[in-house]
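Only one structure is covered here, and it is reproduced in the block below.
The values are calculated or read from the model by the stated rules, or taken from the named source; none is laboratory data. Remember, it's a predicted structure, so these values are computed and weren't measured experimentally. Quick reminder, even Gly has a Cβ in these numbers, built from the backbone with ideal geometry, and neighbours come from all protein chains shown.
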Amino acid sequence: MRCVLLALMLLPIPALAADIVPHVATYDVRMVASRSAGGLVHIAGSLDYRLDRTCEGDWAGAHRFRLRYDYAQEPSVEVATDTATLETADGRALDFTSRRVAGGELVEDVRGRAEGGRAVYVRPPGLAFALPEGTLLPVAHMRAVLAAASAGQKTFSAQVFEGDDARGPRLASAVITPLADPPAVEGLPPGPAWRVRMAFFPLGAQDSAPEYEVAATLHPGGVVSAAQVDYPDFSVAQSLTHFDRLPDVPGECYE
């Protein structure tokens, strides 16, 4: 639901904190196109997403993918990916961890912290990336995209670090289009929505082709009701099947 940062500079980040809605959402995930020569015929599964506020005002995020990859000439493969992040309220630091298991074998395991212009990994050991000035972390990036959309901007680009893999920061370039007839999301008040198509590029890459692209229906609060993710070999659609808004401040914070 990221190297021109003019709009972000004009809108102080703390003032945008209330624009993000803590919530849980479940999505059905299905392959809608295959461009693979390797016999991939279908992908199906689910995504469970949660974004919650801590008592300190920080943002705790979690993604849980459970997918099955079906092949024409090979056995199906079950893939489980679990990612968790904790981003400080000021958007300046991120603790991250992500594990990907395919066919019962661990194929990716990352953990680390991004802060002060650098992302340092504990797993894999010794891995680190410089984060250029202006790099946005996930919630800060969503807030900036929402600010650009609300201000009527047609495009927005930024350098982003999400901590969900070992490939480091990327350039995210978005095209934003207001929707004339926004779809309703039960649990959210009626309001505007935007079609946001975002392309992700490795920093410093000479190839003009993006690693992948995401076309999402974005609602106020950072809620995504539908998305299509286009990779070089295939495309998958994510459709919202369940949404619950969470309290802006967890109840235990008052105890």
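Here is how the numbers come out for the structure above:
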read-out	value
Evaluation of Ala62 against (1) in contact with a Lys or Arg (Cβ under 8 Å, 6 or more places away or on another chain); (2) closer than 30 Å to Met31 by Cα; (3) outside any strand (DSSP E or B); (4) not acidic (Asp, Glu) (one fails), failing number	(3)
Selection count, the range 201-223, where residues are hydroxyl-bearing (Ser, Thr, Tyr) and not in a loop (DSSP other than H, G, I, E, B)	2
Residue check, Ala184 more than 22 Å from Tyr49 (Cα to Cα) and of a type in the set (A, V, I, L, M, F, W, C)	no
Cβ-Cβ under 6 Å pairs, at least 6 apart or on other chains, the range 235-253 side of a type in the set (D, E, K, R), far side in a helix (DSSP H, G or I)	none
Single condition Glu133 does not satisfy, out of (1) in contact with a Cys (Cβ under 9 Å, 6 or more places away or on another chain); (2) at pLDDT below 95	(1)
Selected residue (criterion: modelled with the highest pLDDT) from residues of the range 28-57 that are assigned to a loop (DSSP other than H, G, I, E, B) and among the hydrophobic types (A, V, I, L, M, F, W, C)	Cys55
Cross-chain or 6+ apart pairs with Cβ under 7 Å, the range 183-198 first and closer than 12 Å to Ala227 by Cβ, then hydroxyl-bearing (Ser, Thr, Tyr) and modelled with pLDDT of 90 or more	Arg195/Thr177; Arg195/Thr217; Met198/Ser173
Any chance Thr217 is closer than 21 Å to Gly152 by Cβ and hydroxyl-bearing (Ser, Thr, Tyr)	yes
Every pair of residues 6+ apart whose Cβ atoms lie under 9 Å, when the first sits in the range 49-60 and is closer than 14 Å to Asp19 by Cα while the second is of a type in the set (S, T, N, Q) and surrounded by 20 or more Cβ atoms within 10 Å (Cβ to Cβ)	Trp59/Thr85
Test: Ala25 is at pLDDT 95 or above, over 15 Å from the mean Cα position of the chain (by Cα) and of a type in the set (A, V, I, L, M)	no
Which listed residue, of Ala237, Ala226, is modelled with pLDDT of 95 or more, in contact with a Leu (Cβ under 8 Å, 6 or more places away or on another chain), within 21 Å of Leu47 (Cβ to Cβ) and assigned to a strand (DSSP E or B)	Ala226
Filtered residues of the range 183-213 (kept if in contact with a His (Cβ under 7 Å, 6 or more places away or on another chain) and modelled with pLDDT of 90 or more)	Val185, Ala193
Scope the range 46-74; condition under 17 Å from Asp233 (Cα atoms) and hydroxyl-bearing (Ser, Thr, Tyr); matching residues	Tyr69, Tyr71
Checking Val77 against (1) touching a strand residue (DSSP E or B) at 6+ places or on another chain (Cβ under 7 Å); (2) more than 29 Å from Ser239 (Cβ to Cβ), the condition it does not meet	(2)
Selection within the range 45-59 - farther than 17 Å from Gly104 by Cβ and touching a Lys or Arg at 6+ places or on another chain (Cβ under 9 Å)	Ser46, Leu47, Asp48, Tyr49, Arg50, Trp59
